[in-house]
1. Give me the percent of DSSP beta bridges within the chain that run antiparallel, rounded to the nearest 5.
2. Classify the stretch 231-340 as rounded, prolate or oblate from the Cα gyration tensor: take a ≥ b ≥ c as the square roots of its eigenvalues, call it rounded if a/c is under 1.5, otherwise prolate when a/b beats b/c and oblate if not.
3. Neighbour counts of other C-beta atoms within 10 Å: give me 63, 124, 233 arranged from fewest to most.
4. Can you give me the angle between helix 12-23 and the longest principal axis of the chain, using Cα atoms only, in degrees from 0 to 90, rounded to the nearest 10?
5. Give the order of 49, 189 when sorted by the count of other beta carbons within 10 angstrom, beginning with the fewest.
6. Running a GNM on the chain with Cα contacts under 10 Å, which residue among 240, 153, 29 ends up with the highest mean-square fluctuation?
7. With a Förster radius of 30 Å, plug the Cβ-Cβ distance of residue 232 and residue 264 into 1/(1 + (r/R0)^6) and report the FRET value to the nearest 0.05.
8. Which one, 78, 308, 249, has the greatest fluctuation when you compute a Gaussian network model over the chain with C-alpha springs under 10 angstrom?
């Protein structure tokens, strides 16, 4: 039965903070950085007003924020933080530790480019830099997805078959500071959906115990792990990440029963007969969808694939969504200096490599540092893809959209 909901106006940061308030985690540790500051400012108001029971820890840096979450989560608490860009970079060491210790911490990231030169606006270079740290990474298109994912993330992270930290990504300013209508659930329904934290089991001195620090049942979390077992533990972590897809699907299905909204790894749009299509993540995909509709009305068989789940990379779902389209453009707000293309482009091409029939693929880097990707620019991308289809080859593997010559 679908839970009672009401519509309210929230910007993306507020949607993240409100959903977290409804979960009411034990510890929120954070340091402000634009454009995520509204999240922790709002949450500190919830704490000051007595609306939550969370312990709010105002730390001196992002490194300390995630360190505090690691300690809290290892002790059995639910822990949340938020950051962006250079703040995420400052957490670098602790990102690996949180994931390596299998701690189900939730972190909101209002995606922003990593300086320098200094810039406070959106692209995905921060999250892409963290793609190999062991965190589940979900990208949101709009404020409703921010709210929904911020609720769902706790169930995903704490699922018995997952037990990993989750990064909820949404575009800085474009989403974080823009108000939209959001359907929100009642507090009680959110708490019922999230439930109580589930722990992995481990062997302690007194037999099987919960995987948390407890003086009554002492265990060691995060000990020195040298060449005798480190490799084995990393393989366990990598295999566990691959196995999370089934669990995430189960949580998505349960969330749909509660809200009536279906969350997917991948969203194909008008791909059944598409002759040219793009794949991408984040807020720009809403604009791409409008352009696809316009092109369809003009007789162009255009399509798109929106990717919501980036880690783990849902290869089978992506291949199914791409289908038989002959030409595919990858749109992404990130780069890989010195690489053959940007991160999503390289992963999509890797997924396609062993397929007997695969599309021609071109990379379109756009929107770095918050530069607008307009409908006209998106039309130009589709125009480029149509030329590739006519010629039968990709002359320019990587293109920069909207850059002055």
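Just so you know, all these numbers are worked out from the coordinates, no wet-lab data involved. Note that the structure is a prediction, hence the values are computed from the model and not measured. Neighbour counts run over all protein chains shown; Cβ positions are idealised from the backbone, glycine included.
1. Looking only at bridges with both residues in the chain, the antiparallel portion is about 30 percent.
2. Values: a/c = 2.27, a/b = 1.43, b/c = 1.59.
Oblate shape, in that a/c is at least 1.5 and b/c is the bigger or equal ratio.
3. Numbers: 63 17, 124 30, 233 12.
With the sparsest Cβ surroundings first, the list reads 233, 63, 124.
4. 30 degrees
5. Details: 49 8, 189 18.
Taking fewest neighbouring Cβ atoms as first place, the list is 49, 189.
6. Evaluated over the chain, the most mobile residue of the options is 240.
7. On the way: r = 34 Å, r/R0 = 1.13.
Once rounded, the FRET efficiency stands at 0.35.
8. 249
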